[in-house]
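**Q** The structure's right below; bear with me while I get my questions together.
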Amino acid sequence: MKRTLVAALCIFLAPLAYAADLTGHWMAKFEADGTVRETSLFLKADGNLLTGYMSSNQGDEAIQDGKITGNTFSFVIVRDRFGEERKSEFTGKVTDQGITLEFPHPSNRPGRHILLKRISTEAPGPMPAPPTKISLPAAAPVPYNGLAKTPPMGWNSWNKFANKVTDALIRQTADAMVRNGMKDAGYIYVNIDDTWQGSRDAQGNIQANSKFPDMKALADYVHSKGLKLGIYSSPGPKTCAGYEGSFQHEQQDAKTYAAWGIDYLKYDWCSASQVYDYHSMPAVYAKMGAALAATGRPIVYSLCQYGVLKVEQWGTSVDGNLWRTTGDISDNWKSMSHIGFDLQLNLSAYSGPGHWNDPDMLEVGNGGMTNTEYRTHMSLWSLLAAPLLAGNDLRSVPPDIMHILANKEVIAVDQDPLGKQAKRIAKEGDTEVWARPLQGGAYAVGLFNRGASSAKVTARWSDVGFTGKGTVRDLWAAADRGSVSDQFSAPVLSHGVVLIRVEPQK
């Protein structure tokens, strides 16, 4: 009887013992779009405690707070985010096939999973010492390329399609932009984001992966539609998605982009933190700025480094035509409103023709916000003189979303040649008023309501910048509101906006 009970207990406890047995080297090695990528966990289990490190395109990183509970485990990776610590929690589960590891997503979207298999049961040795980071001297200013005299307008693949971008999708999107009126509204750039890269050839020239069989032919096709083609890279060894970056190939890559016929480069910091002291960031971006200039081809230069190191103060000197002022946007009210309202204060002095503050791409039409919130999104970006890069599927756009994206009166605010970014001129509770001067003496004014219920919002002409009477045009309603003295008031829906153009009467 006793022997039977012991055997039963062993059978019951066996899965737990196996699940807790995480010591060793676990690896996921896979090919995606012609690129071989690898992630490894070097783990040591001690009861319910887990130690070791993870090795990936982010480098070697020590795991902290590792815990094992049955056949599940968790650990934390602490990363230096430009001088500030950022914690990311990873979770995993042991199965018959190996370890399923879930990566956290920085924008609160579902994380991605990978399956790692054990290739060794040996306890890991010490984590390799990190390489010494490169410190670059200050670079000479790169002359202005003469581009983007109004904020760039177009489309980017990432928000909707991420790693599913293909040659066919880019062609279909270009066709759609011509067909649905986006091109006529001013959207010109068709931008390929991350995951287009393959490997380098024997001479070190970057090749596109199997999703893009002929990048030059693709550029020719986009150009034949009267549009322009954009591309993506990183100053680090790898891009954010783990594809080939431009580290130590800046001039070579710039020449390749020019030969392909590329018109726009988004340059994303990503793994550059592994190789560069982040204080060298201006010089790192100047490196590519100078390389683009040397090609002789007009290529808009978009700096994507999340607004750190006061990029607004040096972006122009590296010939940046636009620079991100924040982290990534998500398709929800909290993310969009925080980025658009809170993080753009006090930046207007650094924006102007050729050089723009960039609060990230548009989420209009991706489904995470209401149309009221999307009108607020579009209005605020237009007042901010922000680049307008749509991020939805343009092949099939509902009429109400097209009305938001292609509203020519609202776009005219964004594209005003004076190039003055709006400032917040009034705030009362959850309501805010933002205004910018326009060429010819008029003003664009946004009456915003960030609260949970409708509210009356008032814009006073003295706050806007003039006194007396003003002739008011409601841009979303496409309606004239007549001559108004001293101030303009309107009921504004929760999370909504009333966007007006007011012309002072002389």
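Any read-out appearing in this document is the output of simple, stated calculations on the displayed coordinates, not a laboratory observation. Since this is a predicted model, take the numbers as computed values, not measurements. Because the Cβ atoms are built from the backbone with ideal geometry, glycine has one as well, and the counts that use them run over all protein chains shown.
**Q** Identify all residues within segment 257-292 that are part of a helix (DSSP H, G or I) and within 21 Å of MET215 (Cα to Cα); write none if there are none.
**A** TYR257, ALA258, ALA259, TRP260, MET288, ALA291, LEU292
**Q** Would you check if there is a residue in segment 357-376 being among the hydroxyl-bearing types (Ser, Thr, Tyr) and buried (at least 18 other Cβ atoms within 10 Å of the Cβ)?
**A** Yes - at least one qualifying residue is present in segment 357-376.
**Q** Select the strands (runs of 3 or more DSSP E) contained entirely in segment 191-256, then report the ones holding at least 1 residues which are closer than 26 Å to GLY59 by Cα and more than 22 Å from the chain's Cα centre (by Cα).
**A** 197-200, 206-208
**Q** So, one more: Residues that are without any contact (Cβ under 8 Å) to a residue 12 or more places away in the chain and among the hydrophobic types (A, V, I, L, M, F, W, C): does segment 480-501 have at least one?
**A** No, that holds for no residue.
**Q** Mind listing just one residue for me: the one in segment 119-172 that is within 28 Å of GLY289 (Cα to Cα) and among the β-branched types (Val, Ile, Thr) and, of those, nearest to the chain's Cα centre (by Cα)?
**A** Going through the qualifying residues, I end up with VAL165.
**Q** Moving on. Go through (1) in contact with a Leu (Cβ under 7 Å, 6 or more places away or on another chain); (2) farther than 30 Å from THR72 by Cα for GLY98 and report which single condition fails.
**A** With (1) in contact with a Leu (Cβ under 7 Å, 6 or more places away or on another chain); (2) farther than 30 Å from THR72 by Cα applied to GLY98, the lone miss is (2).
**Q** If LEU309 passes every condition in (1) farther than 16 Å from ASP358 by Cβ; (2) of a type in the set (A, V, I, L, M, F, W, C); (3) assigned to a helix (DSSP H, G or I) but one, which one does it miss?
**A** (1)
**Q** Hey, can you tell me all the residues within segment 66-78 that are of a type outside the set (Ser, Thr, Tyr), surrounded by 13 or more Cβ atoms within 10 Å (Cβ to Cβ) and in contact (Cβ under 8 Å) with a residue 24 or more places away in the chain?
**A** The answer is ILE68, ASN71, PHE73, PHE75.
**Q** Quickly run through segment 279-305 and pick out the residues that are under 18 Å from ALA139 (Cα atoms), touching an Asp or Glu at 6+ places or on another chain (Cβ under 6 Å) and free of Cβ contacts under 8 Å to residues at least 60 places away in the same chain.
**A** Scanning segment 279-305 gives MET288, ALA291.
**Q** I need a count of the residues in segment 209-259 that are more than 30 Å from ARG179 (Cβ to Cβ) and charged (D, E, K, R).
**A** Total satisfying the criteria: 5.
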